[in-house]
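Some notes on the structure that comes next.
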Amino acid sequence: MKYLISFVIRKVPRKYLQLVSNVALKIIAIFYAGNKVEDPIDGRTYRKFLPYGRIPRANALSPGCQSLERHRLMWLYLQKKTNFFTDHLKVLHIAPEHCFIKRFDSMSNLEYITADIESPLAKIKMDVHNIPFSDNTFDVCFCNHVMEHVDNDILAMSEIYRVLKPGGWAIIQSPIDYSIEATFEDPSITSPAEREKVYGQNDHVRLYGRDYPKRLAAAGFNVTEDDYIKEMSPEQVRRYGLCQDEIIYRCEKK
């Protein structure tokens, strides 16, 4: 299974995967019935999660709502440490994840807008370098695993800052190599094969290092690095299939 998933991820464009994966995973879920792990987003349990990734990670993908480790952690974080489920909020969700869209859209306290440059799941077609909303429009923005793809990440981060209201906040997650201090990017690297070799994925244009929060701050944000997973018990981490090195980057507009 892990080799099949790795092959599909590498060869099938994400926008097409988003259209067909839901049906396939619902069938696969039947064979993963059990009670050893739990997806906190939809409450379903399994004997284990599916492997996922170009280099497959064990126990990563929940077949029910298609959540990964980072999505399950973010859901728990939103419940425990934010006003997301209680206050009336206007929310912009860039590159919306399948596991969140219907749930967020159904929440009566949210005015929820999804946007992306190519995703068939988003309501609005939008380039994150030029967000088509006025200054100070949104209370909350989510933009996860996008900045490693864009030409100018500081500009994209600045656009998110611009459309947030004062006091508003965003969660902006990206893959980070914590073994390196400074983010590496080289505009001369353009071939997919070379990008995969250098950045780990053929559509990435940079590899973030430990300076990632400084780049977010350069866009204007007050950045909180919340290692929320360390507040959980080992049993919770195992039960929800979480990744030990995922830090939540909460970015607040001054």
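The values are calculated or read from the model by the stated rules, or taken from the named source; none is laboratory data. Not measured: the values here are computed from a predicted model. Here the Cβ is made from the backbone with ideal geometry for all residues, glycine too, and neighbour counts use every protein chain on show. In case anyone asks, the SASA skips ligands and DNA or RNA and just uses the protein heavy atoms, side chains included. Shrake-Rupley method; radii C 1.70, N 1.55, O 1.52, S 1.80 Å.
Miscellaneous remarks
- Region 81-193, accessible area per residue, ligands and nucleic acids excluded (1.4 Å, Å²): 44
- When DSSP beta bridges are restricted to pairs lying wholly in the chain, around 45% turn out antiparallel.
- Which listed pairs, of Lys102/Lys165; Lys123/Lys230; Lys102/Lys125, have C-alpha distances above 26 Å, in listed order: Lys123/Lys230
- With Cα atoms as the point set, the radius of gyration and Dmax of region 127-205 evaluate to 14.4, 42 Å.
- Three-way shape label, region 144-254, alpha-carbon gyration tensor, a/c 1.5: oblate
- Calculated [222 nm] ellipticity per residue, helices only, for the chain: -9500 deg cm²/dmol; basis is -39500 (n - 2.57) per DSSP H run with n ≥ 4, divided by all residues, nearest 500.
- When nucleic acids and ligands are ignored and a 1.4 Å probe is applied, Thr137 ends up with an accessible area of around 20 Å².
- Accessible-area composition of region 171-254, carbon plus sulfur, in percent [1.4 Å probe]: 50
- Over region 48-122, the fraction of Cα-Cα pairs per 5 Å bin, rounded to whole percents and listed from the shortest bin up, is 3, 14, 20, 24, 19, 12, 6, 2, 0.
- When you count the other C-beta atoms within 10 angstrom of each residue and take the mean per peptide, 232-239, 204-211, 54-61, 186-193 line up highest first as 204-211, 54-61, 232-239, 186-193.
- Shape call, region 41-171: gyration tensor on alpha carbons, a/c limit 1.5: oblate
- With all pairs of separate Cα atoms included, region 160-213 yields a Kirkwood hydrodynamic radius of 12.7 Å.
- Equivalent-ellipsoid semi-axes of the chain, from the Cα gyration tensor, Å, largest first: 27, 23, 19
- Under the membrane-span-like helix rule (DSSP H runs whose alpha carbons stretch at least 24 Å along the helix axis, mean Kyte-Doolittle hydropathy 0.0 or higher), the chain yields 14-30.
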